[in-house]
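The next block holds one structure in the form of structure tokens; read it before the comments.
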Amino acid sequence: MSSKIEQNYREAQELYAKHGIDTEEALKKLQTIKISMHCWQGDDVRGFLNRDQELTGGISVTGSYPGAARTPEELRADLEKAFSLIPGKHKVNLHAIYADTDEKVELDRIEPKHYEKWVSWAKEQGLGLDFNPTCFSHEKSSDGFTLSHADPEIRRFWIDHCKASRRVGAYFGEQLGQTCVTNVWVPDGYKDIPADRLAPRQRLKDALDEVFAEEIDPKFNLDAVESKLFGLGAEAYTVGSHEFYMGYGIRNNKLICLDAGHFHPTEVISNKLSALSLFADGILLHVSRPVRWDSDHVVVLDDELMDIGRELVRGDLLGKTHIGLDFFDASINRVAAWVIGTRNTIKALLRAMLEPAEALRKAELAGDYTTRLALSEEFKTYPFGAVWDYYCEQMGVPVRESWLDEVKAYEQEVLQKRGG
């Protein structure tokens, strides 16, 4: 280890210790937290089952940076490069369209065998896998409806797809010894004001009841449901609103997914965590960065990300919260996007662990809001970076921006040869 990094860490350790903060304990705890890194940043949400299908569901990926993965092998190679630059062992979040098979298979007929190569790779890499049914970019979702579709035959197709996805998720969990979270999100909604808001939600509820009817060991698979405020083509009404899924998840013991980009531009999910934790069995996070709408920008270390970290740490919610990422930017190097977003998410958690939470609580209970504010502000310039550098070096990954050199080299040697 670099003597300078070691020295900086020891000095920081002493400063934090004066406030009863054990940096070694924080780093040990940090190692146990797994971030579920989304595969779809690597190829602009195209997948491999229906690559020629137009991206739909209110989702849009902009940019034409060269080097998008074209095959499962290329995507796995890119993921490996990204993980080599991120401290800790984590998970990969797959959508159903990322099946690795030579067989022509429809979404309602997917089976664990279509993902065996992903499982073998995850075992080799020491990673876990999460899963999502893909209820978009398909001819049977072309009118914007899936599980709430008025046509029972189309609705049946998507019900069967989601049921099959849960079985795939259970296979992941059983094979890898890490519980898989299978998250259901559908884009259903209207562009303009609907005449009937209730009937689609009734159909969605009934469809979900059927999807989740099969009992699956929660040791292998946990179900999650995800809301959204609106999307392109569903600006006026989204069937699966926050209220719908919060009610459904609490009543049916499902994880409730909060996506940072799925709310009103002035809403934040950090403020929802403590309230939801009192009633939900568990929470799934999709950490993203909205810019004026659900644009899924690469996660930066902004105030909201910091607040998410604080809420999880101060409320002791890490044990019931599954942290995943959800962004896609085709205007920059896709591997770099993964590295930036994942490292930032881990940084936010570490920084929260290095704050004087107990002292702040005591000051608050005593009505000493002066001390609360003063400590909160002073700790913003405490040497968190020295602890982060030490952690990266300890975990065998590049310190500070030196990881960018490796990504640039990978771009020259691998990505640019793929073309646009």
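The values are calculated or read from the model by the stated rules, or taken from the named source; none is laboratory data. Keep in mind that this is a model prediction, so the values were computed, not measured. Counting neighbours? That spans all protein chains shown, and the Cβs are built from the backbone with ideal geometry, glycine included.
Listing for the model above:
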{"quantity": "Number of positions in the stretch 145-175 that are of a type in the set (Asp, Glu) and touching a helix residue (DSSP H, G or I) at 6+ places or on another chain (Cβ under 8 Å)", "calculated": "1"}
{"quantity": "Test for Ala207: is it of a type outside the set (Ser, Thr, Tyr), under 17 Å from Pro187 (Cα atoms) and in contact with a helix residue (DSSP H, G or I) (Cβ under 6 Å, 6 or more places away or on another chain)", "calculated": "yes"}
{"quantity": "Number of the exception - Glu411 against (1) surrounded by 13 or more Cβ atoms within 10 Å (Cβ to Cβ); (2) within 30 Å of Asp78 (Cα to Cα); (3) without any contact (Cβ under 8 Å) to a residue 12 or more places away in the chain", "calculated": "(3)"}
{"quantity": "Residue within the stretch 264-281 that is in contact (Cβ under 8 Å) with a residue 60 or more places away in the chain and closer than 25 Å to Leu176 by Cβ present", "calculated": "no"}
{"quantity": "Condition check for Pro112: closer than 21 Å to Glu210 by Cα and surrounded by fewer than 20 Cβ atoms within 10 Å (Cβ to Cβ)", "calculated": "yes"}
{"quantity": "Some residue of the stretch 108-116 being within 19 Å of the chain's Cα centre (by Cα) and outside any strand (DSSP E or B)", "calculated": "no"}
{"quantity": "Every pair of residues 6+ apart whose Cβ atoms lie under 8 Å, when the first sits in the stretch 150-162 and is outside any helix (DSSP H, G or I) while the second is crowded, with 22+ Cβ neighbours inside 10 Å", "calculated": "Ala150/Pro200"}
{"quantity": "Asp206 in a helix (DSSP H, G or I) and out of contact with any strand residue (DSSP E or B) (no Cβ under 7 Å at 6 or more places or on another chain)", "calculated": "yes"}
{"quantity": "Matching entry among Ala348, Ala336, Ala386 (being modelled with pLDDT of 95 or more and assigned by TED's automatic domain parsing to the domain that holds Ile21)", "calculated": "Ala386"}
{"quantity": "Tally, over the stretch 11-48, of residues that are at pLDDT below 90 and among the hydrophobic types (A, V, I, L, M, F, W, C)", "calculated": "1"}
{"quantity": "The listed residue being touching a Phe, Trp or Tyr at 6+ places or on another chain (Cβ under 7 Å) and aliphatic (A, V, I, L, M), out of Ile250, Ile216", "calculated": "Ile250"}
{"quantity": "When residues of the stretch 183-203 are limited to those that are surrounded by fewer than 22 Cβ atoms within 10 Å (Cβ to Cβ) and in contact with a strand residue (DSSP E or B) (Cβ under 8 Å, 6 or more places away or on another chain), the one nearest to Gly247 (Cα to Cα)", "calculated": "Arg197"}
